[in-house]
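Working notes, structure below.
The values are calculated or read from the model by the stated rules, or taken from the named source; none is laboratory data. Just so we're clear, the structure is a prediction, and the values are computed from it rather than from any experiment. Note: ideal-geometry Cβ built from the backbone for every residue, glycine included; neighbour counts use all protein chains shown. These accessible areas exclude ligands, DNA and RNA; they are computed on the full protein's heavy atoms, side chains included. Shrake-Rupley method; radii C 1.70, N 1.55, O 1.52, S 1.80 Å.
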Amino acid sequence: MTNIVSISLILVGCSIIVAFIGLFFVFKICLVWKRLDKNLLKTMVFLDENFLVRNWVYLLATGAFIALRRVIQFLELLELPIQSPAETIIFDLMGLAVITLLVQLGYYWYRLIYSSLPPSK
């Protein structure tokens, strides 16, 4: 059982590290938001089909993982014996996947926003 706890600790620790990386991207975006040319940003978003598709795929995958985690938690609250030690690891992996997908999404927005900033004076 201690192996399961160790693996869960590693996965949750990784999730925390990834979450702080995501907060860094959001913080950087907030710092330059007022300097952005919003019309240029809109144009860049809608002209880059890959950017839009990637956004929707990441959001779909994130939503699916969150929904699946909630179903597992709901069944657990109903006291249905579904969560074995291996399923605990899967549950933690899904949590890591969710935060990783959200951070990747934030990273792509960060790149797009920084590429649309006007040149510094």
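Whenever a residue of segment 54-83 is at pLDDT 95 or above, its partners that are polar (S, T, N, Q) and surrounded by 10 or more Cβ atoms within 10 Å (Cβ to Cβ), lying with C-beta atoms within less than 8 angstrom and at least six residues away or across chains, give the pairs 58/104.
Scanning segment 93-121 for residues that are among the hydroxyl-bearing types (Ser, Thr, Tyr) and more than 18 Å from residue 24 (Cα to Cα) gives 116, 120. What about residue 88, is it more than 20 Å from residue 52 (Cα to Cα), of a type in the set (S, T, N, Q) and in contact (Cβ under 8 Å) with a residue 40 or more places away in the chain? Spelling it out, residue 88 is indeed more than 20 Å from residue 52 (Cα to Cα), of a type in the set (S, T, N, Q) and in contact (Cβ under 8 Å) with a residue 40 or more places away in the chain. You will find that of 112, 117, the residue that is open to solvent by less than 60 Å² (accessible area, probe 1.4 Å), assigned to a loop (DSSP other than H, G, I, E, B) and in contact (Cβ under 8 Å) with a residue 12 or more places away in the chain is 117 and no other.
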